[in-house]
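One structure is given here, and the rest of the page talks about it.
The values are calculated or read from the model by the stated rules, or taken from the named source; none is laboratory data. Note that the structure is predicted; figures quoted are calculated from it, not measured. Here the Cβ positions follow ideal geometry from the backbone for every residue, glycine too, while neighbour counts run over all protein chains shown. For accessibility, only protein heavy atoms count, side chains too; no ligands or nucleic acids. Shrake-Rupley method; radii C 1.70, N 1.55, O 1.52, S 1.80 Å.
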Amino acid sequence: LENPLEFMDDNITAIIDSSTPYLWLPEAVCERFANAVNLTWNGNFGLYLFNGGEENKTVYNQYKNNTDLSFIFSLSSYDDGDDFGQPLNMEGVVNVTVSNLAFAQLLRHPFKNLIEVNQSAVPYFPLKRSNNSGPYIIGRSFLQEAYITMRYDEYTFSVYQAKFPPNALTNYTTKPIPRPS
């Protein structure tokens, strides 16, 4: 089952920032996430929790154990205006699939001094509301299943789906990136 949380007419420009774990998105998109994943906004924490109260641990565990759930982020250049009827399956568009586990997080003491030392961890989804004018940010929860390569001398970067091959310590290849003259 595919449920779009962002529509082609609603596309947003976002910054990829590894210094924050959160997805900072427009409130309407956050509410679509909340409805799709059974999250509740908690104003004290400023975060979406797994359906609040004591039942949040049950909802959290159901979420973590749902191996059919993942999120697809479709990234393209700001000047990519072509769609040819299939805008997400064309040259220049990178689709990164992020498993639900990348977004299964726990808050612990001393988060904002709201959680006591011996208090149980609070399950949350790393999603924050950004004001309608942005900035919109895709944080390191996304980067658990994606990677970025940089070409500083050419001022370019690329985002790719991370791969998790078996025997990763020995099952790899490297390719040099040629340096321009």
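Some points to look at:
- Taking the criterion of being of a type in the set (Gly, Ala, Ser) and under 16 Å from the mean Cα position of the chain (by Cα), the residues of the stretch 135-181 that qualify are Gly139, Ser141, Ala146, Ala162.
- Check on Arg179, farther than 30 Å from Glu27 by Cα, among the charged types (D, E, K, R) and surrounded by 10 or more Cβ atoms within 10 Å (Cβ to Cβ): no
- Looking across Phe50, Phe45, one residue alone is surrounded by 13 or more Cβ atoms within 10 Å (Cβ to Cβ), over 20 Å from Ser133 (Cα atoms), among the hydrophobic types (A, V, I, L, M, F, W, C) and modelled with pLDDT of 90 or more. It is Phe45.
- Qualifying residue in the stretch 150-164 (condition: under 28 Å from Gln62 (Cβ atoms) and acidic (Asp, Glu)): no
- Residue count, the stretch 75-126 (criterion: at pLDDT 85 or above, exposed (fewer than 10 other Cβ atoms within 10 Å of the Cβ) and of a type in the set (S, T, N, Q)): 2
- Of the numbered criteria (1) modelled with pLDDT of 80 or more; (2) open to solvent by 70 Å² or more (accessible area, probe 1.4 Å); (3) aromatic (Phe, Trp, Tyr), the one Tyr136 fails is (2).
- Residue match in the stretch 147-164 (condition: surrounded by fewer than 16 Cβ atoms within 10 Å (Cβ to Cβ) and either under 27 Å from Asn35 (Cβ atoms) or modelled with pLDDT of 90 or more (or both)): yes
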